[in-house]
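Enquirer: Dumping the structure here so I can ask a few things about it.
We did not get these values from a lab; they are worked out from the coordinates using the rules stated. The model shown is predicted, which means the values in this text are computed figures rather than measured ones. Ideal geometry is used to build each Cβ from the backbone, glycine not excepted, and the neighbour counts take in all protein chains shown.
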Amino acid sequence: MPSKEILVERISEALKLGGGRRFKQSVELVVVFKGIDPKSPKARFRDPVFLPKGLGKSPRICVIADGDTLIRARSAGADLVLSREELQKLSKKQAKKIASECDWILVRTDLMGLAGRILGPALGPRGKAPIPLDMNADINSITRYYRSVSRLRNKEQPFVSGIIGTEDMSPEDLAENALAVINFIENKLEQPLSVSAKKIIVKTTMGVPVEVPP
C-alpha cells in the first residue's frame, strides 16, 4: 500500500494539473490489475466503501418503505421517499429517472422483490442495486453513512475505479479516503497491491492521470 505522504504528493499534482474547470470535479482513484483474471469473483467490484473524510458532495438517497419506516425516512432527510403504492405506480420512464438521479436506493426488506421488478431493469445497467433496509433500522444513522459512501465498480475489466472526493477537498483528506479504498481492494483481493496492481492512478474528472507507486 502506498504511504499517505506519497498519496498526498501525487493527489496534489493531480489537482494542480486538472484544475480550472467551470464545475466542481470529482477526484478518482483507479487501480489497474496485473496477473488477475478480470472474470474472477475477487476482481468483480460493485462495492460500497465508506470514505472517512466524506465525498465532498451530497449524494442523493432514495428510500422505499411503508408505515413507520416511511415516516422516519422522511424525518431523516432522504432526498426521495416512496411508499409501496407510489412504487407500484411508477412508469418505466419514471423508474429510469429515479435510477439516474438517486445514488443510493434503500428499500425495506419486505419491498425488495417489488422494487427489483420495477426498478431493476433501470438500475442494472447503471451498476446500482437496491440496498435492503431492516424494518427497525436507524434510518438517520444509515442515511448519514451513505452520504459518505463511494461505489467501486468494474465490468469484468482489468481495473477498478471509484471516487475518493472532490477537488475542493484537501490533499490530506483525499489521501485518507484513498487509503480506505485501497485497503478495501487489498482485503477483497487478499493480497497487497504491490503484488496485484500494475499501477495506481489518481485524477480529476477532466484532468491528467497521475501515477502512484503501488
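Enquirer: Please determine, by comparing only the residues of region 108-127 that are over 17 Å from the mean Cα position of the chain (by Cα) and closer than 24 Å to Ser58 by Cα, which one is surrounded by the most Cβ atoms within 10 Å (Cβ to Cβ).
Expert: Filtering region 108-127 for residues over 17 Å from the mean Cα position of the chain (by Cα) gives 108-122.
This time we only want the ones that are closer than 24 Å to Ser58 by Cα, so: 108, 115, 119-120, 122.
On the way: Arg108: 22, Ala115: 24, Leu119: 26, Gly120: 15, Ala122: 19.
Checked region 108-127; the qualifying residue surrounded by the most Cβ atoms within 10 Å (Cβ to Cβ) is Leu119.
Enquirer: How do the pairs read when you match residues in region 74-100 that are touching a residue at least 24 places away in the same chain (Cβ under 8 Å) with residues anywhere that are basic (Lys, Arg) and assigned to a helix (DSSP H, G or I), using Cβ under 8 Å and keeping only pairs 6 or more apart or on different chains?
Expert: Sorted first by the residue in region 74-100, then by its partner, the pairs are Ala99/Arg126; Ser100/Arg126.
Enquirer: Quick one: would you say Glu5 is surrounded by 16 or more Cβ atoms within 10 Å (Cβ to Cβ), more than 17 Å from the chain's Cα centre (by Cα) and of a type in the set (Asp, Glu)? Quick ask: steps written out before the conclusion?
Expert: On the way: surrounded by 16 or more Cβ atoms within 10 Å (Cβ to Cβ): no; more than 17 Å from the chain's Cα centre (by Cα): yes; of a type in the set (Asp, Glu): yes.
Against the criterion (surrounded by 16 or more Cβ atoms within 10 Å (Cβ to Cβ), more than 17 Å from the chain's Cα centre (by Cα) and of a type in the set (Asp, Glu)), Glu5 does not qualify.
Enquirer: Can you find a residue that is out of contact with any strand residue (DSSP E or B) (no Cβ under 7 Å at 6 or more places or on another chain) and of a type in the set (Asp, Glu) anywhere in region 173-189?
Expert: There is at least one residue in region 173-189 that is out of contact with any strand residue (DSSP E or B) (no Cβ under 7 Å at 6 or more places or on another chain) and of a type in the set (Asp, Glu).
Enquirer: Look through Ile64, Ile36 and report the one residue that is among the aliphatic types (A, V, I, L, M), touching a residue at least 40 places away in the same chain (Cβ under 8 Å) and closer than 20 Å to Ala137 by Cβ. Even if it seems obvious, please write down each step before you answer.
Expert: Values: Ile36 fails: closer than 20 Å to Ala137 by Cβ.
None of the others qualify; the one that does is Ile64.
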